[in-house]
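The values are calculated or read from the model by the stated rules, or taken from the named source; none is laboratory data. Only a predicted model underlies this, so the values are computations on that prediction, with no experimental measurement involved. So basically every Cβ, Gly included, is an ideal-geometry build from the backbone, and we count neighbours across all protein chains shown. In case anyone asks, the SASA skips ligands and DNA or RNA and just uses the protein heavy atoms, side chains included. Shrake-Rupley method; radii C 1.70, N 1.55, O 1.52, S 1.80 Å.
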Amino acid sequence: MIEAHKDYAGAKLGMWLFLFTEVVLFGGLFLLYSAYLHRYHLDFHHAARNLDTFLGGANTIILITSSFFMAMSITALQLGRRGRCLGLLALTVLMALGFLANKAIEWWAKFEHGIFPGSEHLRALPQGEEIFYSLYFAMTGLHGIHVLLGVGILSFVMILVRRGRVRQEDFVILENSGLYWHLVDLIWIFLFPLFYLIT
Amino acid sequence: MSLTGIKAGASPRGFLSSPQDAGGLRSWIFSTDHKRIGLLYLACILTLFAAGVALGLIMRLKLITPGNDLLAPQTYNAVFTVHGVIMIFLVVIPSIPASFGNILLPLHIGAEDVSFPRLNLFSWWLYLTGAVVALVSIFTGSGAPDTGWTFYVPFSERTTTNVSVAVMAVFILGFSSILTGLNFITTIHQLRAPGMTWRRLSLFVWSLYATAWVQVLATPILGITVLLVFAERVLNLGLFDPGRGGDPLLYQHLFWIYSHPAVYIMILPAMGVISDIIPVFARKRIFGYNMIAFSSLTIASVGSLVWAHHMFTSGMSDLAVLVFSFLTFIVAVPSAIKIFNWLSTLYKGSIIVEPPLLFTLGFIWMFSVGGLTGLIQGAAGADIHVHDTYFIVAHFHYVIFGGTGLGMFAAMHFWFPKIFGRMYNRRTAAAAFWIILLGMNVLYFPMFILGLMGMPRRYYDYPAQFAQGQLISTVGSWILAMGLALMFYNLYAGVRRGAAAGPNPWGAATLEWTLPSPPPSGNFAEIPEVEKGPYDFAPDPRHD
Amino acid sequence: MNGQAVNVVQSVDRTFYFIFGTSAVILFLIALATIYFVIRYNHKRHPVPADFDHNTLAEIIWTAVPTLLVLAMFYYGWQSFRALRGIPEDAMEVKVVGRMWSWSFEYADGRTGPILVVPLGKPVKLAITSKDVIHGFYVPAFRVKIDAVPGMTTYAWLQADRPGDYEIYCTVYCGLEHAKMLSRVHAVSPEEFESWLAQGQGRDGKALLEKHDCLGCHALDGSKLVGPSLKDLPGRQATLVETDGRERQVAIDEAYLKAAIVGDKGGRVKGFEPSMPSYRGQIPPEELQAMVDFLLGRQPGKPLDGAKLAEEQGCLGCHSTDGSILVGPSFKGLFGEKTTVIDQGREVEVLVDADFVKEVLANPGKRPAKGFDPVMPTYPDLTPEQKEALVGYLMSLGHEKHSH
Ligand code: HEA
Ligand code: HEA
Ligand code: CUA
Ligand SMILES: [Cu+2]
């Protein structure tokens, strides 16, 4: 989204501002989360028990690793090792896809159990639990969309790197995409304990 | 002083038809020239403004007498919703920053363009998309949305009208606004010309800067809020549904966390315009530059903490009422400071009365009325009585139309010769101003009284005791309509046939006036070296 | 205690006067200053502007003075807010329920009504909630306003010191008929209030049957005395023999029962002599109603009147009784007729009978009537008796149509 510009500092500043808006976007949901956690403390506790900590944990590791690869790919390009950079980017994208697959499995299992927004099953549960699941779907869903966007952006950057539009001397686009990816990772690191570990 | 940025052999129509111009619509809607984008915004905003005021006029016609059935109840409910949505999200929020901000920001700081020209164009496209989606929501589905511009849950979850599409429009518009803000902040930080220190920025730029931060920090909250309304309706999420444990008050908090700061998105740029116009026509440096710049930042920051004054009757805790009422009063002080600084700038000036100054004076009067009545609403006990009555309707029309609206008109009359290189008829402009001022007061003042008498807002019909006020108000809307029509006609005629204006008809001192009118595509032939402040008038002021 | 309400209103109004007064002065000064400057310092009269661009003292003054002013405004505002919120201990509580698009008020003894009747000089505490969306409860005369939020109870209080009627408005936009969600506060002397309340309580149907000597002839246990037993009347049909000997079947509903009591049902019940006296003009309408309610099996002690219930529950906000279309179909002539509904996307004809009405009440969205928006709220809280009463009411309105 941020175009190549001679003004590196400007491009970085713009990106940081954008990331800020993303944080605030999720911030709205975090506010809701904390308000409801306060109100339905016990229900949240119960509902969280039904989430699969293993799957969630695996996803956390996947994302953290991918962030690591992302950072490495930037260093690689800075050192002028384009092939290595591309490889690392590919790995990052793969891990992102893995994350999404994992997420899909997790959601699918929930649907199988009749747990989806507005389902009969949820309505039968205590209200706090239903709210918990609504938040769960809203927040992980929005995060999932961001991961998906990340996949798109990183694949696009891969093309740019291959074409030489992004290169050792001019890699701000790669760097900004990296920032974006770290943000996606960071948000997950908040989501994970809030949903999986509060029991 | 190397302020001679005049490009040798620049086309007399400047950026309006630059040499490399292929001409035609495409050269506009795909142009990354900030001035063209600004004009595109201006055109869209004025068109939508016309649509919005037409709806206002229709509402007034419907309300002219009790029991009038010009509009069916459902239609009326849709009309005020659409009126509010258009005015807020499509007109006043983008108004000055997106149009004049775009045109002038790079000129004021001595830059070639904004930091991200293509992103800028993208913002405009987003705006256009949002506008189209908003229009789609009116004409498709099972009827135009009927929730009021506030989209309060749980009503907005239940109504069968086309709310889902409308909130998506708001979401898209929000992103357009965010990207504009982001672009402006970066531009102001990065692209100031050499010598353009922070304290040499024009106050208009300062106000844009403060506004941009509000846009960037507050708008995402609106984004997520309307997304949630969408999810509630479409995905059956139930986060705000009291029947399922949700809390509708949380929605209101989220909504106003954005929408109160949004009123400062609306007013700050107008205040910036006023701060730039007054010294020009008083032939005097602005009084209290630091205070004005600083108060913009204060309004932007403290203004983010007062949102729940819209919720004094919502059932939130009394403690919250205490806190928010207090903060509301605090945020009124920086506005007061500005007013007094403007007055002091006029004091002992050498005042030339031209249309831009008239609109500026109109701004000061009308905004003061609106702002001072805002104090009534900030006072917890008094707000209980006037909340959701016509008093509020009067308050915000005074601040929005009387403030932002007149500020926008002032900007239009001030920068008109710069943008088009021509001059409108000044006497007609002055006449239009007085008619608008009269119409506005006849239209909106009775609403204060109606509100104090207890007439609730969003009523398609009302008991007989309110008939008189409503009638006067409707008559006012016709006067206002005449004034507006005259003003727009005059400007239009100016674009077509106005006399050539020259580079600096007002004798102003900010950078844009050093360029030919209209400015050439690349702005400054060479980036200027700035050596003085924006309001340093030549020691011997121009006489005419 | 007396004069409390006046105090609240005064306190709020004092806030208004203070802020208005201050603002008017400031506004006047500002307007005056601008106009004066423009004239006095016009470039013709004052060609050379002064050269100054700040004055620390002045700036401090006009920061400090407005700050003090707004703090005073805040203080007054908060004081009056406290007065509005400080519900006296001895206040009488009334429950207020808002729904699309009507109000209902419930008193301690379970009596309900569509207007708020209050005794003079006594503080009344309002416990307010909503059945569907957010509404706003507003009585301008008392400066009282608070939202009615579903799933939550909010409180307000008021005290009337002068008899009369005061408008109640709904201030939060709540859909189509928001503008018509009106009611009133009816302030009466404490004695009147007591007797009004007592009326409500004395409407025990069974006691009234005794009072009016009905039970001398009618048994309540199913046995046959001089007259037919009054047990299990609802839902049954009566066979009437007209004077010319023809027989006809009539559904036993409210209208029928009332007619029967005043001797107007047009025939005698088969198997009995026409020996019942007419009570025309002898029984006050409330008592008549209470007896009928009792006979129709509506909760004893809390008599149920379908018409009243329909008003309280807000049905009449959307359904007319005169054939005109508001939001939903008119009740007039609805019952016993065929109507077209949308059942899973298909149009089906159904008969509007007791079962269908009950289905609609439980789940209006399931088979919405054709040509109407499915906006009718569900009524999960209705008791079976109440549903029965509503059915009875619709039946009575449907009946009318058949008769002409
Ligand atoms: C341009 C937009 C704009 C601006 C600038 C303002 C400015 C202010 N507004 Fe307004 N407001 C709206 C737009 C705006 N508002 C809208 C749209 C709504 C309704 C939303 C809806 O419900 O639909 C609303 C509603 C609203 C409410 C909610 C009322 C209710 O619903 O019950 C309140 C309550 O406190 C309020 C207060 C204020 C205050 C204190 C200011 C202050 O910032 C004003 C400061 C200005 C002055 C004080 C005047 C100038 C100063 C002087 C003349 C000097 C002397 C001053 C002193 C002594 C202090 N506003
Ligand atoms: C920018 C903001 C803005 C502006 C300018 C206006 C302008 C007007 N509004 Fe406003 N209004 C709002 C923002 C605005 N409004 C909002 C946010 C609400 C709240 C909605 C809600 O409750 O959700 C509202 C609500 C609102 C109500 C309350 C409805 C209710 O509660 O029931 C009313 C009632 O009279 C009203 C009337 C008017 C009128 C008569 C005008 C007049 O100013 C119109 C005057 C203009 C004309 C009469 C047209 C004539 C002009 C021309 C023909 C010129 C042609 C133009 C070009 C060529 C460009 N508006
Ligand atoms: Cu109920 Cu508005
Ligand atoms: Cu506000």
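Interface residues of the range B:90-139, defined as those with an accessible-area decrease of at least 20 Å² between the chain by itself and the complete set of protein chains (probe 1.4 Å), are B:Ser115, B:Phe116, B:Arg118, B:Leu119. Amide hydrogen proximity for C:Trp157: with H placed 1.01 Å from N in the peptide plane, the residues at 5 or more positions away or on another chain lying under 5 Å are C:Leu126.
Between C:Leu57 and C:Phe28, full extension at 0.36 nm per residue minus the direct alpha carbon distance yields a gain of 8.1 nm. Between 0 and 90 degrees, the angle of helix B:203-234 with respect to the longest Cα principal axis of chain B falls at about 30 degrees. Taking every Cα-Cα distance in chain C and sorting them into 20 Å bins starting at zero, the pair-distance distribution P(r) comes out as 21, 40, 24, 10, 4, 1 percent.
Once both labels are positioned 7 Å from their Cα atoms along Cα-to-Cβ, the gap between A:Asp52 and C:Ala50 label points is 7.9 nm.
Split the accessible area of the range C:308-403 by element, probe 1.4 Å, and carbon with sulfur accounts for 51%. Could you state the number of Å between the C-alpha centres of the range A:104-131 and the range C:139-154? Taking the Cα centre of the range A:104-131 as reference, the centre of the range C:139-154 is 35 Å away.
A 1.4 Å probe, protein heavy atoms only, puts the accessible area of C:Asp51 near 120 Å². Once Rg and the Kirkwood radius are both taken over the C-alpha atoms of the range C:214-295, their ratio Rg/Rh works out to 0.93. For the range C:55-88, a drop of 30 Å² or more in accessible area on going from the chain alone to the assembled protein chains (1.4 Å probe) is found at C:Glu59, C:Trp62, C:Thr63, C:Pro66, C:Val70, C:Leu71, C:Met73, C:Phe74, C:Trp78, C:Phe81, C:Arg85. Based on the convex hull around the alpha carbon atoms, the range B:34-543 presents an average projected area of 22.5 nm².
Over the Cα atoms of the protein assembly as shown, the radius of gyration divided by the Kirkwood radius equals 1.04; this is the Rg/Rh ratio. Largest accessible area first, the listed residues C:Lys145, C:Lys180, C:Lys338 line up as C:Lys338, C:Lys180, C:Lys145 when surface is computed with a 1.4 Å probe on the assembled protein chains. So what is the 222 nm mean residue ellipticity for the protein assembly as shown from helices alone, if each DSSP H run of at least 4 adds -39500 (n - 2.57) and you divide by all residues, rounding to the nearest 500 deg cm²/dmol? Computed mean residue ellipticity for the protein assembly as shown: -19000 deg cm²/dmol. Buried accessible surface for the C/B chain pair comes to about 6900 Å², total over both chains, computed with a 1.4 Å probe. Cα gyration tensor of chain A, axes a ≥ b ≥ c as square roots of the eigenvalues: rounded (a/c below 1.5), prolate (a/b > b/c) or oblate? Prolate is the answer for chain A, as a/c is 1.5 or above and a/b outweighs b/c. The modelled label-to-label distance between A:Arg84 and C:Lys206, using points 7 Å beyond Cα along the C-beta direction, is 9.4 nm.
For the range C:343-404, what does the alpha-carbon gyration tensor say about shape, rounded, prolate or oblate, given a ≥ b ≥ c as the root eigenvalues, a/c under 1.5 as rounded, and a/b over b/c as prolate? Oblate, because a/c is 1.5 or more while a/b does not exceed b/c. At an R0 of 22 angstrom, the distance between the Cβ atoms of B:Arg26 and B:Val495 translates into a FRET efficiency of 0.55.
Counting protein heavy atoms only, chain B has 68 percent of its accessible area on carbon and sulfur, 1.4 angstrom probe. Here the Karplus relation 6.51 cos²θ - 1.76 cosθ + 1.60, evaluated at θ = phi - 60°, turns the backbone of the range C:260-269 into coupling constants of 5, 5, 8, x, 10, 7, x, x, 10, 6 Hz, with x for every Gly and Pro. Could you list, in their original order, any pairs among C:Lys125/C:Lys370; C:Lys125/C:Lys308; C:Lys125/C:Lys231; C:Lys224/C:Lys358 whose Cα atoms are separated by more than 31 Å? As for pairs spanning more than 31 Å Cα to Cα, those are C:Lys125/C:Lys370; C:Lys125/C:Lys231; C:Lys224/C:Lys358. Largest accessible area first, the residues A:Arg123, A:Arg162 order themselves as A:Arg162, A:Arg123 under a 1.4 Å probe with ligands, DNA and RNA left out. The angle between the Cα long axis of helix C:190-201 and the main principal axis of chain C comes to about 40°, on a 0 to 90 degree scale. Surface listing: B:His385, A:His182 arranged by accessible area from highest to lowest gives A:His182, B:His385, probe 1.4 Å.
Tell me, how many Å apart are the Cα centres for the range B:109-140 and for the range B:228-253? If we compute the Cα centre of each part, the gap is 30 Å. For the range C:1-139, the normalised intensity computed at q = 0.10, 0.13, 0.15, 0.22 Å⁻¹ comes to -0.61, -0.79, -0.92, -1.31 (log10 of I(q)/I(0), Debye sum over alpha carbons, equal scatterers, no solvent). Taken over the range C:92-198, the convex hull of the Cα atoms encloses 81 Å³ per residue.
Where the centroid of each part is defined by its Cα atoms, how far is the range B:46-62 from the range B:496-519 in Å? If we compute the Cα centre of each part, the gap is 33 Å. Computed from label points 7 Å out along Cα-Cβ, the spacing between C:Glu286 and C:Glu89 is 3.2 nm. Here A:Arg163 and A:Leu186 are evaluated by their C-beta separation; at R0 = 25 Å the FRET efficiency comes out at 0.25. Full extension of the chain between A:Leu42 and A:Asp170 yields a length gain of 40.8 nm, computed as 0.36 nm times the residue separation minus the alpha carbon distance. For the residue pairs C:Lys180/C:Lys258; C:Lys265/C:Lys332; C:Lys258/C:Lys332, the alpha carbons lie more than 27 Å apart in C:Lys180/C:Lys258. Can you give me the long-range amide H partners of C:Glu93? Hydrogens built in the peptide plane at 1.01 Å from N, cutoff under 5 Å, separation of 5 or more residues or another chain. Answer set, sorted by chain and number: C:Lys125. Between C:Val118 and C:His186, C:Ala187, C:Val188, the built amide H atoms are under 5 Å apart, and every one of these is 5 or more places off in sequence or on another chain. With the solvent-accessible surface defined on protein heavy atoms using a 1.4 Å probe, which residues belonging to the range B:146-187 display a reduction of at least 50 Å² in accessible area in the multichain context relative to the isolated chain? Residues passing the criterion (a loss of at least 50 Å², heavy atoms only) are B:Phe155, B:Arg158, B:Thr160, B:Leu182.
Across the range B:37-42, rounded Karplus estimates of 3J(HN,Hα) from the backbone phi angles (6.51 cos²θ - 1.76 cosθ + 1.60, θ = phi - 60°) give 4, x, 5, 4, 4, 4 Hz, Gly and Pro being marked x.
Here the Debye sum runs over all C-alpha atoms of the range B:263-380 as equal scatterers in vacuum, and log10 of I(q)/I(0) at q = 0.13, 0.14, 0.20 Å⁻¹ comes out as -0.55, -0.62, -1.05. Surface exposure of the protein assembly as shown, expressed per residue as accessible area with a 1.4 Å probe, stands at 38 Å².
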